[in-house]
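Reading through the structure tokens given below for one structure.
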Amino acid sequence: MNSRSFRRSALLGAGLAAALAVGAVAVARSDGSPDGAPRLTVADPYIPLPATPGGMGAGYLTVRNSGGADTLVSVSSPAAGSVTMHRSTDTSMEPVGAMDVPAGGTLDLSRGGAHLMIMDWARQPVLGDELELDLRFAKAGTVVVKVPVKPLTYRPGS
């Protein structure tokens, strides 16, 4: 191999390496947002009417994320003294400190899985009320959601 053909091969190899590096960055940033920021929307929120007056309630909703990853770090409500995040397993329910919202994915809070527990109501909720939930995310900040109170037996899509 002469020196001219070696230089040409070296230049082609360097160009290919540069193109592959740019492609790797593009793949790493393919979360739907050019800056990697989360893009959150909330769908299908509801609170089933608590079974007993003054009793605990549950909150369900879906957080959709068309951007970069984020984390739900806390939830509060002017309608309640306490809102905590929980995860149900086959045998128990346990509090969790945070819930991940994956890049380009969803966080589902639903019956039998991750959900919110709402306690110490300011006023007993009734069917048709819309209660405010303030969802605090690590990157996106606070997202305020109006959540309807539905019958205890309500199931989305029914």
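The values are calculated or read from the model by the stated rules, or taken from the named source; none is laboratory data. Owing to the predicted nature of the structure, the values given are computational and were not obtained by experimental measurement. Glycine gets a Cβ as well: all are built from the backbone with ideal geometry, and neighbour counts include every protein chain shown.
Results, tabulated for the structure shown:
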quantity: Pairs with Cβ under 7 Å, 6+ apart, first in segment 26-51 and within 16 Å of Phe137 (Cβ to Cβ), second modelled with pLDDT under 95; calculated: Gly36/Arg29; Arg39/Gly32; Arg39/Ser33
quantity: One residue from Ala140, Ala122 being more than 11 Å from Val75 (Cα to Cα), modelled with pLDDT of 95 or more and out of contact with any helix residue (DSSP H, G or I) (no Cβ under 6 Å at 6 or more places or on another chain); calculated: Ala140
quantity: Boolean, Asp108 is farther than 21 Å from Tyr46 by Cβ and either of a type in the set (D, E, K, R) or modelled with pLDDT of 95 or more (or both); calculated: no
quantity: Those residues of segment 67-109 which are hydroxyl-bearing (Ser, Thr, Tyr), in contact with a strand residue (DSSP E or B) (Cβ under 8 Å, 6 or more places away or on another chain) and either surrounded by 20 or more Cβ atoms within 10 Å (Cβ to Cβ) or not in a strand (DSSP E or B) (or both), in sequence order; calculated: Ser77
quantity: Filtered residue count, segment 51-62, keeping only those that are surrounded by 15 or more Cβ atoms within 10 Å (Cβ to Cβ) and more than 17 Å from Leu109 (Cα to Cα); calculated: 0
quantity: Hits in segment 47-66 - residues which are outside any loop (DSSP other than H, G, I, E, B) and β-branched (Val, Ile, Thr); calculated: Ile47, Thr62, Val63
quantity: Strands (runs of 3 or more DSSP E) wholly inside segment 112-158 that include at least 3 residues being loosely packed, with under 15 Cβ neighbours inside 10 Å; calculated: 130-137, 141-150
